[in-house]
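The values are calculated or read from the model by the stated rules, or taken from the named source; none is laboratory data. Computed from a prediction, not measured in an experiment: that's the story for all the values here. Counting neighbours? That spans all protein chains shown, and the Cβs are built from the backbone with ideal geometry, glycine included.
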Amino acid sequence: MTHTILIATDAEVRERWEKAFPTGSVHAKASAAIGRVGSDSVVWIHVGSDPEFARRMVDECLSRLGATRLVALSDTPSDSQAIELMERGVVGFCHSYAGPAMLQQVSTVVSNQGLWVGPNLMQRLIRAAGPSVTADTGSRNALTALSSREREVAQQVGLGSSNKEIARILSITERTVKAHLSAIFQKLGVRDRLHLALFMRSTGAV
């Protein structure tokens with residue numbers, strides 16, 4: 001089971017997080033978590049609204065705790081802050097007051113070595129990636145494991161479409177899109193939406 005740790009002093013942030021992860025541990029300072037972070041740990045940090053504090057917190061957790069799966073909770077999330085903190089080593093970024101269900105989704109993705117950012121930024125990252133290198137025959141053959149509908153969904157992800165856009169284009173519900181994505185991730189062995197998009201582009205499927 002993934003070991004989850006929160007570093008925060010804000011009472012509301014702590015309360016929401018503890019509802020999502022009742023067996024997790026909460027600390028007021030990064031120094032208090034020294035020696036508690038293992039290879040399976042996901043470390044959450046509340047970076048508030050001060051950009052400089054956010055940078056210091058990320059750097060401290062990476063250097064002092066050895067955290068490799070670090071999620072930043074921001075009071076004022078923006079694409080620019082997400083990109084800056086990702087460049088420093090963060091693999092997850094979301095609003096400080098996200099609900100327990102959302103926090104659990106983030107944890108699932110990053111625990112499986114994936115990347116979690118907002119949908120708008122994810123679309124920007126996918127579209128900015130451009131054409132990728134040509135995939136090997138094995139990668140291209142993996143697409144045969146997908147149903148025709150799953151392949152259509154995967155192609156739309158490769159084009160940078162959101163779940164809402166995919167649902168509209170394919171005349172299905174967003175819930176159905178999510179179900180197809182879960183199956184696609186499992187069949188292709190990809191971790192998240194960004195990796196799926198890069199996979200689809202590498203195979204020349206989009």
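List of remarks:
- Residue 145 falls short on exactly one of the conditions (1) surrounded by 16 or more Cβ atoms within 10 Å (Cβ to Cβ); (2) over 25 Å from residue 76 (Cβ atoms); (3) modelled with pLDDT of 85 or more, and that condition is (1).
- Restricting attention to the stretch 1-34, the residues that are closer than 14 Å to residue 107 by Cβ and not polar (S, T, N, Q) total 12.
- Subset of the stretch 142-162 [touching a Leu at 6+ places or on another chain (Cβ under 8 Å) and without any contact (Cβ under 8 Å) to a residue 40 or more places away in the chain]: 149, 152, 153, 156
- Qualifying positions in the stretch 106-118 - free of Cβ contacts under 8 Å to residues at least 40 places away in the same chain, in a helix (DSSP H, G or I) and of a type in the set (A, V, I, L, M, F, W, C): 106
- Test: residue in the stretch 151-161 that is in a helix (DSSP H, G or I), of a type in the set (D, E, K, R) and at pLDDT below 90: no
- For the stretch 180-202, the set of residues classified as part of a helix (DSSP H, G or I), of a type in the set (Gly, Ala, Ser) and either modelled with pLDDT under 85 or over 22 Å from residue 118 (Cβ atoms) (or both) consists of 183, 197, 202, listed by residue number.
- Note on the stretch 1-105: enclosed helices (runs of 4 or more DSSP H) holding 2 or more residues that are among the basic types (Lys, Arg) and not assigned by TED's automatic domain parsing to the domain that holds residue 193 are 11-20, 51-60.
- In the condition set (1) farther than 21 Å from residue 11 by Cα; (2) in contact (Cβ under 8 Å) with a residue 40 or more places away in the chain; (3) surrounded by 20 or more Cβ atoms within 10 Å (Cβ to Cβ), residue 79 is compliant with all but (3).
- Subset of the stretch 1-36 that is over 21 Å from residue 74 (Cβ atoms) and surrounded by 12 or more Cβ atoms within 10 Å (Cβ to Cβ) - its residue that is nearest to the chain's Cα centre (by Cα): 2
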